[in-house]
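Report on the structure given below.
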Amino acid sequence: MQEAISLYVHIPLCVKKCAYCDFASFAGRLSQRARYVEAVCRELRAQAAFFGRRRVRTVFLGGGTPTLLTGAQVQRLLDAARAAFDIAPDAEITMEGNPGTLTMDNLRAYRAAGVNRLSLGVQSFDDGLLAAVGRIHTAAQAKEAVRMARSAGFDNLNLDLMYGLPGQQPAQWARTLGEAIALAPEHLSCYSLILEEGTPLHDAVLAGACAPLPDEDALLKMDDITAAHMGEAGYAQYEVSNYARPGRACRHNLVYWACLPYLGVGLGAHSDLDGRRFYNPDDWEAYLRVAESGETAREAEGEQSREARMFERMMMGLRMVRGVDAARFARDFGAAPEAVWPETIARMTRGGLMAREHDRLRLTPRGMQVMNAVLVAMMEETDSKPQFGG
Amino acid sequence: MANERMEKIRNFCIIAHIDHGKSTLADRLLEKTGVYEKREMVEQILDSMELERERGITIKSKAVHMHYKARDGQTYALNLIDTPGHVDFTYEVSRALAACEGALLVVDATQGVEAQTLANVYMALEHNLEIIPVINKIDLPSARPDEVRAEIEEIIGLDASEAPRISAKVGLGIDDVFESVVTMMPAPTGDEQAPLQALVFDSFYDNYRGAICFVRIVSGSVRPGMRIRMMNTGACFDVVEVGFRSPGYAPADALRAGDVGYIAASIKDIHDTRVGDTITDDANPAAQMLPGYRQATPMVFCGIYPVDGADYENLKEALEKLRLNDASLSFEPETSQALGYGFRCGFLGLLHMEIITMRLEREFDLDLITTAPSVVYKVHRTDGSVLDVDNPSNLPPASEIEFMEEPYVKASIHTPQEYVGALMETCQNKRGIFKDMVYEGNRVCLHYEMPLSEIIFDFFDQIKSRSRGYASYDYEFFGYQQSDLVKLDMLLNGDVCDALSMIVHKDRAYARGRSMAEKLKDVIPRQMFEIPIQAAIGGKVIARETVKAMRKDVLAKCYGGDITRKRKLLEKQKEGKKRMRQLGSVQVPSEAFMAVLKMDE
């Protein structure tokens, strides 16, 4: 029997690009959204013809701004997905959305189309900060969006928040968290801003054209504030940046972190399926040309070596608080993590950065803070050893 | 007639403050005399080594032969000798100057007389050179040639009334420079019929002809077929070819008294061609050597290790290649617990050491770690034996040491009067023993006896900074003196790092230990765990610092399905750590081993 998979659908449409964003998404292409939806539907059919009618446990409509699609367009996409794949009856079907783009009618239609989880890009409840990073909505609109979503029947709601924004004070972050928690979402993502090269915000920060980013002290203070607020409000951290009420962790994202198979459709989407890694073109015309021709527009990333796969299993798995499934690791690779990186894991465990509990190898809260350094140490240990079969 | 021939020879050098246009003028002289066609002059010819250009200093002496048809209708043979410009190479410079009769002193018409101008003039005067001032850069709008002329006369005491006013850059006034050389500089003298005396002022290794000597013929003559003897080493060779460099080889039938040229004699080993040695005719030897010879002995030693142990053989080959052309470089294999396999290398001084390591890194593409430089200590053991130690790791246990001696030098510091106080303080801090002070007009020469180990630290920088660049110094080794020395160890995470150990004077040990610990704390990046840094003398900890653990190093978001991108970010992070050395559980950047030397005490 073929393994169940997750399905990602990329909607690269935005009203306006945010200052920090380096994702594949375009402003000013709204007029072409129907054409895009049709292209994705064709790609879904083509992918299914190639990979077979797989069972799909989770679907994620990400962007960009998927809520720029009409209810009918979302219905069309999900119908095409159901036609092409065997979507489980209890599948988690998430849709990302921008609070500035929601209408009651659309929300009801999304819900009716089968979307059962809504992830709202709120980022902050501070209008000054929202404007500073180029968001198109206000804090009031975000609150209204949550109210509308609830009344449209969404009982599984995530709010995306960002901290470490230009000029942001720890107290401001505490207020945003407080307001988010007051809206009682099932799930909260709190992302520390990553300044990406080539984004307007990157240039502005370098040029001193915006308020400076908070320093390390302030960021750590914000981390403390996050931990305190979440703990108090009953949200458990289950990943570096993600918190959820019991049973409300995002199943789709857990698939990525556990390195389970997924298929990505749409412009620039990445896939990891049947041991192959591939992705679609992230150029608008290039993607449409291939998708509309009924081909599968897959660019192969090339064979992943066993070493790379083992490392990625750790790189992704250690993001989760519960850590890596060491037993599954040993099954898949024929060696326990402790046999692959004996020195690093022993040193990290001794130093209180890692812990092994039954079948799981995880980072401690302190280890989680310096995860990159732990991963680099593992890479270095691999480099220091002769390659297998070399 | 020998005299008539010599009347038409001029041997000279160019001296200048950095950036006053020494190399540009040299290029222009070569171009005017047709040594180079203009279109071939891609870069400044005399400063051909990349490093030399970059640092604006000349490391090796070179001589170029030119012919100039003067206004008097005669054609003159001009030999331009380029000289190194740093105290490490003082000896080499002195030999090159000894080969000249005159010097062109280039002064920038916008900057005027500056620190190095003076230092260079003093050196030229010591060799009795006729100094001709040249005022350069008169094409610049901010040029003030009249004021600069007055400065030269007042500060240096040279008559500058006839100083050529030129622009080497645009080629203005170059003929005037030639005419000054021809009319104002003395011709060489020397007896062509006397036994051969040739002063070696530089040598270099040519893959096809072996070691080649640059010489000034002081007396006699040399021609192919002659059997020559190196008076210092006694080694004999048969001359294959003599001639001039312009800048290619231009063979001649002979080199005669007053000439500056080259001698090729199939010399396999550059160590047989010592700078300052006298070459004579083996069949008809000169009665005595020319004065001023000094054997180039390495004064400063350090360990050089490849960052990647696999580069050991490459490092060895590279050192061998450099040694072919540099008789003053020495090296032998050594091992360090912290750094693995490497070489103990000996240098003339710190700049020499820096130049060699930079050339190794650039020309041979090696990543290197260099350890703290050390001098050679004489360790008198309780059993009566004496041990030479140039690596602190080789110091016997304190219980086996009766006493130790360290090398002392005689340092002469030339300075304008106003900096005397500050410089005396610096010398005092460096354990200098004041000898005397000599007034030279409005300048002063301070004489000190100082431990060489203090000079190799940051003496050059301190002298320059405390005199705003105006002081210069020279030093000469004079012997060993008993000294109260101890070994200072640095411990990282509880383990002694042998590559950071040093031998220091007891009175300085505490201060240096503290400052080393502080410096290391600054250069060792935060790591996953806290790292204690300790300084210890004989097992007793005298200073302690802590590198705190890094606080946060995690990617907030994982970019959806693009796992490869994340892995690449981590790979980049890993590459960034390549210059770090794993010492036990601590990662130390290669630079740390050198950075600890640049200490402000």
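Counting just the residues of the stretch B:520-540 that are on the phi < 0 side of the Ramachandran plot, open to solvent by 60 Å² or more (accessible area, probe 1.4 Å) and away from chain A (no Cβ under 14 Å), which one comes out modelled with the lowest pLDDT? Checking each candidate, the answer is B:ASP522. In summary, B:GLY584 fulfils each of the numbered conditions (1) open to solvent by less than 70 Å² (accessible area, probe 1.4 Å); (2) under 40 Å from the mean Cα position of the chain (by Cα); (3) within 14 Å of chain A (Cβ to nearest Cβ); (4) at pLDDT 75 or above with the single exception of condition (4).
Hey, can you tell me all the residues within the stretch B:475-492 that are farther than 24 Å from B:LEU387 by Cα and either assigned to a helix (DSSP H, G or I) or not hydrophobic (A, V, I, L, M, F, W, C) (or both)?
Just the residues of the stretch B:475-492 that are farther than 24 Å from B:LEU387 by Cα, to begin with: B:475, B:491-492.
Residue satisfying the conditions is B:TYR475 alone.
Contact annotation: residue pairs with Cβ atoms under 6 Å, 6 or more positions apart or on different chains, pairing a residue in the stretch A:252-265 that is more than 8 Å from every other protein chain (Cβ to nearest Cβ) with a partner that is part of a loop (DSSP other than H, G, I, E, B), are A:PRO261/A:GLU3.
Here B:LYS572 fulfils each of the conditions (1) touching a residue at least 12 places away in the same chain (Cβ under 8 Å); (2) within 14 Å of another protein chain (Cβ to nearest Cβ) apart from (1). Restricting the search to strands (runs of 3 or more DSSP E) fully inside the stretch A:261-364 and requiring at least 2 residues that are closer than 25 Å to A:MET378 by Cβ gives A:270-273, A:276-279, A:354-357, A:360-363.
Of all residues in the stretch A:349-378, those being more than 8 Å from every other protein chain (Cβ to nearest Cβ) and open to solvent by less than 10 Å² (accessible area, probe 1.4 Å) number 5. Checked against (1) within 20 Å of B:ARG551 (Cβ to Cβ); (2) among the aliphatic types (A, V, I, L, M); (3) open to solvent by 40 Å² or more (accessible area, probe 1.4 Å), A:ALA211 passes all but a single condition, namely (1). With the condition kept exactly as written, say whether any residue in the stretch A:143-158 is in a strand (DSSP E or B) and either within 14 Å of another protein chain (Cβ to nearest Cβ) or buried (at least 18 other Cβ atoms within 10 Å of the Cβ) (or both). Yes; the residues of the stretch A:143-158 include at least one that is in a strand (DSSP E or B) and either within 14 Å of another protein chain (Cβ to nearest Cβ) or buried (at least 18 other Cβ atoms within 10 Å of the Cβ) (or both).
Residue-by-condition table, conditions (1) within 22 Å of A:THR94 (Cα to Cα); (2) acidic (Asp, Glu); (3) more than 23 Å from the chain's Cα centre (by Cα):
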{"position": "A:LEU157", "(1), (2), (3)": "yes, no, no"}
{"position": "A:MET162", "(1), (2), (3)": "yes, no, no"}
{"position": "A:TRP173", "(1), (2), (3)": "no, no, no"}
{"position": "A:ALA184", "(1), (2), (3)": "yes, no, no"}
{"position": "A:ALA209", "(1), (2), (3)": "no, no, yes"}
{"position": "A:LEU213", "(1), (2), (3)": "no, no, yes"}
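Taking the conditions exactly as written (open to solvent by less than 40 Å² (accessible area, probe 1.4 Å), within 12 Å of chain B (Cβ to nearest Cβ), without any contact (Cβ under 8 Å) to a residue 12 or more places away in the chain and of a type in the set (A, V, I, L, M)), does A:ALA308 satisfy them or not? So A:ALA308 passes the test. Annotation note: of A:TYR235, A:TYR163, the sole residue that is within 14 Å of another protein chain (Cβ to nearest Cβ) and in contact with a Leu (Cβ under 9 Å, 6 or more places away or on another chain) is A:TYR163. Taking helices (runs of 4 or more DSSP H) as the structural unit, those lying wholly within the stretch B:356-474 and holding at least 1 residues that are open to solvent by 50 Å² or more (accessible area, probe 1.4 Å), in contact (Cβ under 8 Å) with a residue 12 or more places away in the chain and more than 30 Å from B:GLY157 (Cβ to Cβ) correspond to B:420-429.
Just wondering, is there one or more residues in the stretch B:167-189 that are under 30 Å from B:THR233 (Cα atoms), modelled with pLDDT of 90 or more and more than 28 Å from the chain's Cα centre (by Cα)? Yes, there is a match, as at least one residue in the stretch B:167-189 is under 30 Å from B:THR233 (Cα atoms), modelled with pLDDT of 90 or more and more than 28 Å from the chain's Cα centre (by Cα). Residues that are within 14 Å of another protein chain (Cβ to nearest Cβ), more than 21 Å from A:ARG150 (Cα to Cα) and of a type in the set (A, V, I, L, M) within the stretch A:166-196 comprise A:LEU193, A:ILE194, A:LEU195, listed in sequence order.
If the condition is being closer than 22 Å to B:VAL389 by Cα and assigned to a helix (DSSP H, G or I), then the stretch B:320-350 contributes only B:LEU350.
The condition of being more than 16 Å from B:LEU368 (Cβ to Cβ) and touching a residue at least 12 places away in the same chain (Cβ under 8 Å) holds for only one of B:LEU319, B:LEU339, B:LEU290, that being B:LEU290. Would you confirm whether or not the stretch B:494-510 contains a residue that is more than 35 Å from the chain's Cα centre (by Cα) and within 14 Å of another protein chain (Cβ to nearest Cβ)? Looking for residues that are more than 35 Å from the chain's Cα centre (by Cα) and within 14 Å of another protein chain (Cβ to nearest Cβ), one finds none in the stretch B:494-510, hence no. Counting only helices (runs of 4 or more DSSP H) that fall entirely inside the stretch A:43-134 and contain at least 1 residues that are in contact (Cβ under 8 Å) with a residue 40 or more places away in the chain and under 25 Å from A:ARG248 (Cβ atoms), the qualifying elements are A:71-84, A:104-113.
The values are calculated or read from the model by the stated rules, or taken from the named source; none is laboratory data. Note that the structure is predicted; figures quoted are calculated from it, not measured. As a convention, Cβ positions derive from the backbone with ideal geometry for all residues, glycine included, and neighbour counts pool all protein chains shown. The area values use the complete protein model at the heavy-atom level, side chains included, leaving out ligands, DNA and RNA. Shrake-Rupley method; radii C 1.70, N 1.55, O 1.52, S 1.80 Å.
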